[in-house]
Amino acid sequence: MAEATPDVMPLGDLRVVEMGQLLAGPFCGQLLGDFGAEVVKVEPPGAGDPMREWGREKPHGKSLWWPVLARNKKSVTLNLRAAAGQALARRLIATADVLVENFRPGTLERWDLSPERLWADNPGLIITRVTGYGQDGPYAPRAGFGSIGEAMGGIRYVTGDPALPPSRAGISLGDELAGTFAALGTLVALHARHRTGRGQVVDSALYEAVFAMMESLVPEWEIAGYQRERTGSVLPNVAPSNVYPTLDGPILIAANRDTIWRRLAELMDRPELADDERFASHGARGANAGVLDELIAAWTAPQQAEPLLKLMHDNGIPAGLTYRAKDMLSDPHFKAREAIIRLAHPEFGDFPMQNVFPKLSDTPGQVRSLGPELGQHNAEIYGGCSG
């Protein structure tokens with residue numbers, strides 16, 4: 001893939017200094033870098049960001065996560081705990097449009113890198129701060145990881161099998177939501193800067209990023225007295241929408257609209273079910289979801305998944321498989337949409353990863369490089385901010 005020049009990328013005129021480590025703040029940096037921002041990642045000398053070592057599988061002793069999370073970034077090393085390092089950090093930040101950090105509240109202030117100090121040299125600087133609990137409030141000083149934010153934000157309680165304890169989603173959902181909202185807030189603040197000329201603080205808390213996704217959970221409790229619980233693969237009060245067995249594995253079917261349900265009933269050779277008072281309306285189907293799921297499962301169980309899915313698709317019924325990585329790599333739609341791209345890695349060779357999202361028709365983002373070596377860009381970056 002040819003490298004896009006900075007002037008044609010939507011954020012190609014921005015410099016972002018990324019401080020902090022692990023996932024939430026760096027994910028914000030990844031998103032901004034995907035759309036062309038120059039992201040200068042500041043890492044402690046020696047070990048660098050611990051994400052360089054994270055991941056279950058480590059061929060050649062190296063993380064498979066780091067090339068993705070640190071893509072499109074430049075790495076510099078800097079000791080932020082030393083006065084000389086703090087002075088150099090201020091000179092670097094003075095050249096930036098955005099500072100992204102995910103230290104505990106008060107850490108930058110202790111290092112003489114407070115917003116007020118930084119704005120004295122760079123009044124237009126956007127300071128994006130990602131933490132567990134936010135910059136204020138009684139919990140602000142606490143250490144906060146993604147798992148705790150997911151629990152406090154509400155998503156852990158409603159995730160998983162109702163017969164088992166709350167489950168993890170299988171990805172670092174809280175961290176990545178906080179990073180996504182941080183990136184959104186950064187772009188909003190940059191837009192506001194066009195009018196005001198001044199920067200501001202973007203305060204993204206892990207628990208609030210999760211809480212923002214919790215739909216009508218709070219009014220359901222306070223107004224209706226309803227506590228959402230774990231429901232496994234079921235979408236409560238919405239049917240049919242579940243996982244159903246076939247001879248070679250489960251498939252998902254979502255036929256919960258009246259018109260779609262009627263088409264499914266016809267495919268089942270049970271058109272009378274569409275007019276059955278138990279299933280004739282959205283509310284009735286929700287109230288009788290268990291019975292309806294049993295009827296559908298009895299129909300799907302003796303069939304092969306692939307021809308059954310084709311039948312669904314041909315008749316406009318939403319249905320699909322639960323994909324794993326190998327399914328994504330072989331899927332023609334992923335290929336047609338270039339959802340997975342490949343870059344050359346010095347140790348791993350052909351390196352596949354998810355492409356930039358969302359897609360822009362005129363000024364798309366692009367993965368231009370994989371995660372850098374520690375301090376790879378010291379000479380390039382510090383040569384431009386010395387003094």
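Restricting region 150-160 to residues that are in a loop (DSSP other than H, G, I, E, B) and open to solvent by less than 70 Å² (accessible area, probe 1.4 Å) leaves a set whose member that is nearest to Tyr139 (Cα to Cα) is Gly154.
Reported count of residues in region 197-211, each being closer than 15 Å to Tyr157 by Cα and hydrophobic (A, V, I, L, M, F, W, C), is 2. Kindly indicate which of Ala265, Ala289 is more than 28 Å from Asp331 (Cβ to Cβ), over 36 Å from the mean Cα position of the chain (by Cα) and of a type in the set (A, V, I, L, M, F, W, C). None of the others qualify; the one that does is Ala265. Output yes when any residue across region 138-145 is of a type in the set (D, E, K, R) and either touching a Pro at 6+ places or on another chain (Cβ under 8 Å) or over 13 Å from Val210 (Cα atoms) (or both), and no when none is. The answer is yes; a qualifying residue exists. Scanning region 73-86 for residues that are buried (at least 21 other Cβ atoms within 10 Å of the Cβ) and either over 30 Å from His345 (Cβ atoms) or in contact with a Leu (Cβ under 7 Å, 6 or more places away or on another chain) (or both) returns Ser75, Leu78. Among residues of region 274-297 that are free of Cβ contacts under 8 Å to residues at least 12 places away in the same chain and part of a helix (DSSP H, G or I), those with a Cβ under 9 angstrom from a residue that is open to solvent by 50 Å² or more (accessible area, probe 1.4 Å) and of a type in the set (D, E, K, R), sequence gap 6+ or separate chain, pair up as Asp275/Arg262; Ala284/Glu277; Ala284/Arg278. If you check Ser167 against the conditions, is it modelled with pLDDT under 90, within 18 Å of Ala24 (Cα to Cα) and among the polar types (S, T, N, Q)? Judged against the criteria, Ser167 is not a match.
Going by what's in this entry, would Leu11 be described as open to solvent by 20 Å² or more (accessible area, probe 1.4 Å), assigned to a loop (DSSP other than H, G, I, E, B) and either touching a Leu at 6+ places or on another chain (Cβ under 7 Å) or not hydroxyl-bearing (Ser, Thr, Tyr) (or both)? Yes. The set of residues from region 107-134 being of a type in the set (Gly, Ala, Ser), surrounded by fewer than 19 Cβ atoms within 10 Å (Cβ to Cβ) and outside any helix (DSSP H, G or I) comprises Ser114, Gly124, Gly134. Just so you know, in region 233-263 the residues that are within 15 Å of Leu311 (Cα to Cα) and in a helix (DSSP H, G or I) include one that is least open to solvent (accessible area, probe 1.4 Å), and it is Trp261. Taken together, the residues in region 161-183 that are open to solvent by 40 Å² or more (accessible area, probe 1.4 Å) and farther than 27 Å from Pro236 by Cβ amount to 0.
Being part of a loop (DSSP other than H, G, I, E, B), at positive phi, at pLDDT below 95 and under 22 Å from the mean Cα position of the chain (by Cα) holds for only one residue in Gly36, Gly20, and it is Gly20. If we scan region 369-378, do we find a residue that is touching a His at 6+ places or on another chain (Cβ under 9 Å) and either free of Cβ contacts under 8 Å to residues at least 60 places away in the same chain or not small (Gly, Ala, Ser) (or both)? Taking every residue of region 369-378 in turn, at least one turns out to be touching a His at 6+ places or on another chain (Cβ under 9 Å) and either free of Cβ contacts under 8 Å to residues at least 60 places away in the same chain or not small (Gly, Ala, Ser) (or both).
Within the option set Ala96, Ala89, Ala70, being under 25 Å from Ile126 (Cβ atoms), in contact with a Phe, Trp or Tyr (Cβ under 9 Å, 6 or more places away or on another chain) and either of a type outside the set (A, V, I, L, M) or crowded, with 17+ Cβ neighbours inside 10 Å (or both) holds for one residue only, Ala89. With respect to the conditions (1) open to solvent by 60 Å² or more (accessible area, probe 1.4 Å); (2) within 27 Å of Asp248 (Cα to Cα), Asp327 falls short on a single one, namely (1). Open to solvent by 60 Å² or more (accessible area, probe 1.4 Å) and assigned to a loop (DSSP other than H, G, I, E, B): does that describe Leu187? Spelling it out, it is not the case that Leu187 is open to solvent by 60 Å² or more (accessible area, probe 1.4 Å) and assigned to a loop (DSSP other than H, G, I, E, B).
The values are calculated or read from the model by the stated rules, or taken from the named source; none is laboratory data. Keep in mind the model is a prediction, meaning the values are calculated, not measured. Note: ideal-geometry Cβ built from the backbone for every residue, glycine included; neighbour counts use all protein chains shown. When the accessible area is computed, the model is the full protein with side chains, heavy atoms only, and any ligands, DNA or RNA have been set aside. Shrake-Rupley method; radii C 1.70, N 1.55, O 1.52, S 1.80 Å.
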